[in-house]
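The values are calculated or read from the model by the stated rules, or taken from the named source; none is laboratory data. On a predicted model such as this, the values are computed, not experimentally measured, just so you know. Neighbour counts run over all protein chains shown; Cβ positions are idealised from the backbone, glycine included.
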Amino acid sequence: MEFRSYASPGNSQANTSLLYRWHIDLPLLAGITTLACASLLILYSSGGQDLNLIYRQILRFLMAFVIMFVMAQIAPHHIQRWSPWLYGIGLALLLVVLLAGEIGKGAQRWLDLGLFRFQPSEMMKVAVPMMIAWYFTEQVLPPRTSRIAVATLMIVAPVFLIFKQPDLGTAILVGSAGVFVLLFAGLYWRWVILVGISISGMAPILWNYLHDYQKQRVLTFLNPENDPLGAGYHIIQSKIAIGSGGIYGKGWLNGTQSQLDFLPERSTDFIFAAFAEEFGFIGVVLLMSLYLFIVLRGLYIAAMAQDTFSRLLAGSLTMTFFIYVFVNIGMVTGLLPVVGLPLPLISFGGTSVVTLLAGFGLLMGIHTHRKLLPA
Amino acid sequence: MRVQITIKDHIREGQLFTNRAVAFVILCTALVLVIISRLAYLQIISHEHFTTLSQNNRLNVLPIEPIRGLIYDRNGVVLAQNVPIYNLKITPEQVSDLPTTLNKLAELVEITPQDLERFQKLRKQNRSFKALPLRYRLTDQEVAKFAVNRHRFPGVDIEAELSRHYPLGDLVAHSVGYVGRIDESELQRVDQANYDGTSHIGKTGVERYYEDILHGQVGHQEVEINAAGRILRVVNKNAPIPGQNLHLSIDARLQKIAQDAFADNNGALVAINANNGAVLTLTSLPTFDANLFVNGIDAKTYRELRDSEDHPLINRALYGQYPPGSTIKPFLGLAGLEHSVNKGGHVFCPGYFSLEGDSHRYRDWKKEGHGIVDLDKAIVESCDVYFYDLAVSLGVDRIATFLKQFGFGARTGIDIYGESTGLIPSREWKEKERKAPWYLGETVNIGIGQGYTLVTPLQLTLAVATLANRGLRINPRLVSGIQDPLSREMQLIAPTLAGNVDVVNPDNWQQIVRAMTRVVHFYKGTAKGISANLQYQIAGKTGTAQVFGLKQDEEYKEKDVQKKLRDHALFIAFAPADHPQIAVAAIVENGGHGGSVAAPIIRKIMDAYLLKEGNLASEETVN
């Protein structure tokens with residue numbers, strides 16, 4: 001019964017034998033590569049046709065692909081073993097960053113390692129779901145209440161540290177990565193609803209803990225026209241860019257909102273608006289389909305995984321990726337308040353590409369290290 | 001070990017997980033649909049709305065100021081032109097730190113406290129996206145310095161602009177006038193759309209009267225701008241229609257001669273072509289440099305001009321009202337002839353005049369008297385007693401009616417604003433305005449152009465021209481032609497008639513003109529001083545207007561009286577006497593005697609006009 005589903009990868013083994021031996025999942029690779037190409041295309045336009053920018057992005061992608069490839073080679077049970085260590089080191093580094101920030105007076109998110117800057121919070125996007133998945137591996141699922149409480153603490157600690165940096169966007173992602181493990185582990189829906197209600201009840205209290213600029217973002221989200229030249233400017237210009245794109249778009253390199261600088265952050269957080277302006281509704285539906293395809297493939301891999309750790313980790317990584325996309329597009333289209341999150345795999349820069357592809361490497365590894373029965 | 005050891009049920013766990021995965025597939029798909037419907041709302045349903053907003057972002061319609069028409073004198077000398085100047089402008093909205101920017105700019109170009117004050121004032125009045133001038137007329141050096149450093153100053157720009165310039169400075173300031181920055185009330189008066197790109201408007205003189213013709217039609221350009229407001233390219237352009245050029249009948253050379261002839265005296269002189277009313281010279285002294293007003297006069301200079309006792313800003317030729325003095329006599333003489341009063345009669349002049357039953361003596365200027373005087377002698381020698389007698393015989397109302405036919409007491413309708421009406425008193429006027437009855441003694445005074453009677457130099461000129469034309473009264477005009485700057489086609493302005501003084505006997509004209517000719521050419525004439533070497537005949541009349549009332553026993557001694565209280569010297573004349581070409585009136589304030597002070601000035605004008613320009617040959621005339 002359990003092994004029935006293993007038949008299908010076995011069928012395609014002949015075709016994908018080489019890629020399979022290298023632990024590469026072709027559908028995921030195809031989706032990610034297409035997104036990377038779309039990223040270079042829109043970046044060339046929004047970056048003012050600056051080839052230097054494109055070279056840097058290509059370099060970043062290449063590095064990330066190498067990391068993805070390396071991650072894919074590691075069998076899930078090794079990952080599982082390393083999980084507590086990785087989580088512990090990550091938490092320690094977050095503390096270091098926070099203390100360094102206290103000393104340096106001001107926001108601090110990264111450690112300078114000489115060669116490159118390292119953001120411990122990025123690492124936690126992977127380390128937190130790994131830790132929670134590890135914690136639930138030998139448990140009977142759905143987990144018991146005490147276990148859930150411990151897991152919640154494991155999530156809240158790094159999220160709090162990241163939130164203090166302050167980096168609301170990453171805190172949300174790290175938090176949801178952990179929560180998705182809980183949800184995949186079978187957390188009762190009634191719990192989910194209860195937590196949802198209590199969080200909304202606590203919203204006024206949480207409000208006081210927000211930084212002024214974060215409060216401003218929420219207020220602006222509620223009424224962007226209130227401050228059209230200040231905080232509301234981003235969202236107004238973004239909506240104009242998207243709306244004026246229409247069905248077919250203004251055409252590549254022809255987006256007036258982005259080309260004439262009206263659209264702020266047009267190569268980073270608001271790149272989706274630049275894309276929507278130039279490629280129109282058709283373009284964004286294709287883009288959304290591509291994202292959905294990757295997410296569905298990720299969930300399929302999770303469903304096909306053979307052990308609890310793999311399932312939980314694969315499911316959480318995939319859903320975190322989706323949340324990433326949803327929060328960014330939600331904010332750019334005015335559905336959600338402005339949170340500083342890039343559009344995954346499209347936006348320029350950031351360590352996020354590396355983290356994301358490392359995550360996809362893990363997914364590929366989970367899928368390709370299964371012990372398959374011969375057909 | 002734990003009490004509760006459970007064996008993991010892999011099948012059940014697998015099902016649970018699959019259920020969750022399916023739930024998330026549904027959730028993800030649903031959220032993607034939410035996003036897609038949001039995008040459909042933005043990109044399909046609200047597409048038009050956002051397209052408009054995007055266009056408004058991108059495109060800006062900017063007005064293009066039409067080039068103001070030029071003003072020339074009768075010989076093509078430029079009186080008003082447009083010269084390029086470079087102004088430094090700041091768009092406050094685009095400057096993040098205004099005080100720092102201003103400080104840094106001050107290192108490159110000179111910025112006075114007045115510049116800053118005006119800029120701050122403009123900031124309060126204008127919206128922050130509008131570019132406001134900080135400095136006008138940058139020097140070439142300052143332009144170069146700023147151009148090199150421009151990248152350091154977002155929101156600051158140099159704007160080349162055409163600025164009005166009056167090459168002759170003060171010479172024609174009272175006729176051409178000047179332009180200045182448009183103020184609130186003027187903006188209400190004009191078609192605001194047409195003045196969208198215009199900063200200046202005619203304030204006085206021809207510049208104001210012909211504002212509509214000089215201004216032209218505003219053009220527009222649709223430009224693409226970026227978020228910083230910089231113009232990237234012009235998308236569409238609708239060129240402005242330049243204003244029309246004006247050709248004045250003013251002769252700058254004559255104007256200069258007149259101004260020089262006045263020396264340091266204040267006064268006014270108006271010379272017109274007797275045949276068509278074209279104004280040749282319109283002098284009002286002292287005058288001022290019209291260029292001062294173009295880009296905002298500073299408060300101190302303005303105060304000095306405004307508060308000066310000499311009133312340089314007042315156009316005396318139109319606005320100044322003076323007692324005509326003896327220059328009124330030819331007109332009264334004609335009235336006497338017309339009404340057959342004292343016709344051919346003689347009056348004995350003992351040096352004073354008294355009304356019957358009154359001991360008050362109205363003095364003649366000649367203490368010992370003129371003896372027996374007829375009309376001719378009364379005009380030639382300017383006998384006061386003759387005209388005292390004539391005025392009493394005519395009566396105030398007949399005098400008023402007759403003088404008004406010559407245009408006295410009403411605006412002439414010249415093509416610049418700011419005329420006074422002057423005043424021709426009558427019984428009715430006195431009862432209405434002064435609430436008092438008319439006294440006979442007042443009639444005596446108006447016989448020699450004193451009392452209530454007031455005229456403007458322009459009225460005098462037109463009246464003497466009417467005499468020259470034997471009753472044809474022409475309208476004065478400064479502008480003789482309007483020229484399209486593109487096709488160079490000139491539209492001439494035809495002379496027009498204001499009216500006609502009807503006389504019973506045309507010979508009466510001849511009598512008056514003959515007497516006026518003898519004023520200059522007869523050895524006893526009051527203006528005989530200017531007759532030396534005259535190549536043509538001048539018909540004229542001197543006048544001396546009292547500024548300062550003398551008491552009964554006092555005697556007027558020029559040297560004893562303060563300059564300010566001395567008599568005004570007047571002279572009116574036309575020439576040549578037999579076929580008049582030019583008519584002139586001059587008043588020299590506190591100048592003394594008309595014959596010795598005002599007449600020589602007019603002689604110079606006439607010589608210059610008739611001899612040097614060969615205008616003795618007849619010109620276009622009114623029919």
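Step by step: first the residues of region A:112-135, then only those that are under 21 Å from the mean Cα position of the chain (by Cα) and at pLDDT below 85, then the one that is surrounded by the most Cβ atoms within 10 Å (Cβ to Cβ). Which residue is that?
Once the filter is applied, the top-ranked residue is A:Gln119.
Out of the residues in region B:316-371 that are in a loop (DSSP other than H, G, I, E, B) and of a type in the set (Ser, Thr, Tyr), state the one that is nearest to B:Ala569 (Cα to Cα).
Per the stated criteria, the residue is B:Ser354.
Does A:Leu345 meet the test of being closer than 23 Å to A:Thr170 by Cα, within 11 Å of chain B (Cβ to nearest Cβ) and crowded, with 24+ Cβ neighbours inside 10 Å?
No: the conditions fail for A:Leu345.
For region A:305-342, give me each residue that is more than 23 Å from A:Arg217 (Cα to Cα), more than 10 Å from every other protein chain (Cβ to nearest Cβ) and among the aliphatic types (A, V, I, L, M).
Selection gives A:Leu313, A:Leu317.
Check off (1) buried (at least 19 other Cβ atoms within 10 Å of the Cβ); (2) touching a strand residue (DSSP E or B) at 6+ places or on another chain (Cβ under 8 Å) for B:Glu159 and give me the number that stays unchecked.
The single condition B:Glu159 does not satisfy is (1).
Quick test of your reading of the structure: B:Pro133 fulfils all but one of (1) in contact (Cβ under 8 Å) with a residue 40 or more places away in the chain; (2) in a loop (DSSP other than H, G, I, E, B); (3) in contact with a strand residue (DSSP E or B) (Cβ under 8 Å, 6 or more places away or on another chain). Name the failing condition by number.
(2)
Go over the candidates B:Leu313, B:Leu280 one by one and state the one that is in contact (Cβ under 8 Å) with a residue 24 or more places away in the chain, in a loop (DSSP other than H, G, I, E, B) and not hydroxyl-bearing (Ser, Thr, Tyr).
B:Leu313
Condition test on A:Phe281, is it in a helix (DSSP H, G or I), more than 18 Å from the chain's Cα centre (by Cα) and at the interface with chain B (Cβ under 8 Å from one of its Cβ atoms)?
In short, yes.
Return a yes/no flag: does region B:168-176 have any residue that is small (Gly, Ala, Ser), out of contact with any helix residue (DSSP H, G or I) (no Cβ under 7 Å at 6 or more places or on another chain), over 26 Å from B:Leu108 (Cβ atoms) and surrounded by 15 or more Cβ atoms within 10 Å (Cβ to Cβ).
Within region B:168-176 (the criterion being small (Gly, Ala, Ser), out of contact with any helix residue (DSSP H, G or I) (no Cβ under 7 Å at 6 or more places or on another chain), over 26 Å from B:Leu108 (Cβ atoms) and surrounded by 15 or more Cβ atoms within 10 Å (Cβ to Cβ)), the answer is yes, since at least one residue qualifies.
Specify which of the listed residues (B:Ala527, B:Ala532) is touching a helix residue (DSSP H, G or I) at 6+ places or on another chain (Cβ under 7 Å) and more than 18 Å from B:Gln581 (Cα to Cα).
Step by step, each of B:Ala527, B:Ala532 is checked, and only B:Ala527 is touching a helix residue (DSSP H, G or I) at 6+ places or on another chain (Cβ under 7 Å) and more than 18 Å from B:Gln581 (Cα to Cα).
Could you grab me the full set of residues in region B:34-44 that are touching a helix residue (DSSP H, G or I) at 6+ places or on another chain (Cβ under 9 Å) and more than 7 Å from chain A (Cβ to nearest Cβ)?
If the condition is that a residue be touching a helix residue (DSSP H, G or I) at 6+ places or on another chain (Cβ under 9 Å) and more than 7 Å from chain A (Cβ to nearest Cβ), then B:Val34, B:Tyr41 are the ones that fit.
Taking region A:267-286, which residues are of a type outside the set (Asp, Glu) and buried (at least 23 other Cβ atoms within 10 Å of the Cβ)?
Those that are of a type outside the set (Asp, Glu) and buried (at least 23 other Cβ atoms within 10 Å of the Cβ): A:Ser267, A:Phe270, A:Ile271, A:Phe272, A:Ala273, A:Ala274, A:Phe275, A:Ala276, A:Phe279, A:Gly280, A:Val284.
Output the helices (runs of 4 or more DSSP H) that fall wholly within region B:139-227 and possess 3 or more residues being within 19 Å of the chain's Cα centre (by Cα) and in contact (Cβ under 8 Å) with a residue 24 or more places away in the chain, or say none.
B:173-176, B:205-209, B:211-215
Return the only residue of A:Leu59, A:Leu94, A:Leu99 being surrounded by 13 or more Cβ atoms within 10 Å (Cβ to Cβ) and modelled with pLDDT under 95.
Exactly one residue qualifies, and that residue is A:Leu94.
Just to verify a result, which residue in region A:136-176, among those that are among the aliphatic types (A, V, I, L, M) and over 20 Å from the mean Cα position of the chain (by Cα), is farthest from A:Val332 (Cα to Cα)?
Looking at residues that are among the aliphatic types (A, V, I, L, M) and over 20 Å from the mean Cα position of the chain (by Cα), I get A:Val140.
Please specify each residue of region A:237-269 satisfying the condition of being facing another protein chain (nearest Cβ under 8 Å) and either in a loop (DSSP other than H, G, I, E, B) or among the aliphatic types (A, V, I, L, M) (or both).
Matches in region A:237-269: A:Ile240, A:Ala241, A:Ile242, A:Gly246, A:Ile247, A:Leu260, A:Asp261, A:Phe262.
Go through region B:9-33 and count every residue that is at the interface with another protein chain (Cβ under 8 Å from one of its Cβ atoms), farther than 14 Å from A:Met304 by Cα and not aliphatic (A, V, I, L, M).
So the answer is 4.
Considering only residues that are hydrophobic (A, V, I, L, M, F, W, C) and buried (at least 21 other Cβ atoms within 10 Å of the Cβ), look in region A:139-162 and name the one that is farthest from A:Gly298 (Cα to Cα).
Within region A:139-162, the match that is farthest from A:Gly298 (Cα to Cα) is A:Leu161.
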